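Novice: Below is the structure I would like to discuss, written out as structure tokens.
The values are calculated or read from the model by the stated rules, or taken from the named source; none is laboratory data. Bear in mind the structure is a predicted one, so any value in this text is a computation, not a measurement. Here the Cβ is made from the backbone with ideal geometry for all residues, glycine too, and neighbour counts use every protein chain on show.
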């Protein structure tokens with residue numbers, strides 16, 4: 001079933017492979033702030049919380065990244081939190097420095113959109129990622145998904161963190 005997503009109340013089209021809970025998590029290739037390639041395999045054996053944001057230059061995305069960075073302190077080392085957006089790696093580096101983001105792996109999907117396409121959250125009309133949360137267990141099985149229906153709204157932070165804690 002296709003997710004119904006809007007931006008300021010206007011429908012947008014999500015393209016790519018629509019994953020569901022219980023699926024094997026597809027691999028992806030994104031870039032870190034130093035232009036180094038990062039893949040799902042880089043977090044092998046960890047529980048992964050992937051926070052997707054359209055752009056860190058917007059207030060909700062900024063708060064989403066800061067919120068998960070703060071909540072990372074209550075989670076053990078076996079949990080990796082990733083923030084993936086279409087922002088350029090240079091903008092990501094600037095944002096992380098300014099916002100004091102030091103516990104979240106902030107990554108860019110701008111080059112290939114491989115995360116957006118492999119997880120079905122690439123917005124066709126804008127080439128941005130929809131606001132979404134994915135929790136993936138240590139065996140790379142998707143255990144929780146939230147695709148936020150209105151992109152300008154926040155995800156359910158508490159449910160996402162609880163989904164991670166349920167896997168510990």
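Novice: Just to be sure, is residue 49 touching a helix residue (DSSP H, G or I) at 6+ places or on another chain (Cβ under 9 Å) and under 14 Å from residue 129 (Cβ atoms)?
Specialist: No, not satisfied.
Novice: A further question on this structure: When you check residue 124 against the structure, is it within 24 Å of residue 167 (Cβ to Cβ) and either surrounded by fewer than 18 Cβ atoms within 10 Å (Cβ to Cβ) or free of Cβ contacts under 8 Å to residues at least 24 places away in the same chain (or both), yes or no?
Specialist: no
Novice: Considering 92, 84, which residue is in contact with a helix residue (DSSP H, G or I) (Cβ under 9 Å, 6 or more places away or on another chain) and touching a residue at least 24 places away in the same chain (Cβ under 8 Å)?
Specialist: 84
Every residue, every condition in (1) assigned to a helix (DSSP H, G or I); (2) more than 17 Å from residue 155 (Cα to Cα); (3) out of contact with any strand residue (DSSP E or B) (no Cβ under 7 Å at 6 or more places or on another chain), yes or no:
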residue: 27; (1), (2), (3): no, yes, no
residue: 34; (1), (2), (3): no, yes, yes
residue: 42; (1), (2), (3): yes, yes, yes
residue: 48; (1), (2), (3): no, no, no
residue: 55; (1), (2), (3): no, no, no
residue: 60; (1), (2), (3): yes, no, yes
residue: 67; (1), (2), (3): yes, no, yes
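Novice: Just to be sure, is residue 93 touching a strand residue (DSSP E or B) at 6+ places or on another chain (Cβ under 9 Å), within 21 Å of residue 39 (Cα to Cα) and in a helix (DSSP H, G or I)?
Specialist: So residue 93 fits the description; yes.
Novice: In region 123-164, how many residues are closer than 19 Å to residue 65 by Cα and outside any loop (DSSP other than H, G, I, E, B)?
Specialist: Residues meeting the conditions: 20.
Novice: If I ask for residues that are surrounded by fewer than 19 Cβ atoms within 10 Å (Cβ to Cβ) and modelled with pLDDT under 95, which ones from region 21-54 would you list?
Specialist: Within region 21-54, just 34 meets the criteria.
Novice: Sort through 84, 142 and tell me the only one that's surrounded by 23 or more Cβ atoms within 10 Å (Cβ to Cβ) and under 23 Å from residue 24 (Cβ atoms).
Specialist: Sole residue among the options that is surrounded by 23 or more Cβ atoms within 10 Å (Cβ to Cβ) and under 23 Å from residue 24 (Cβ atoms): 84.
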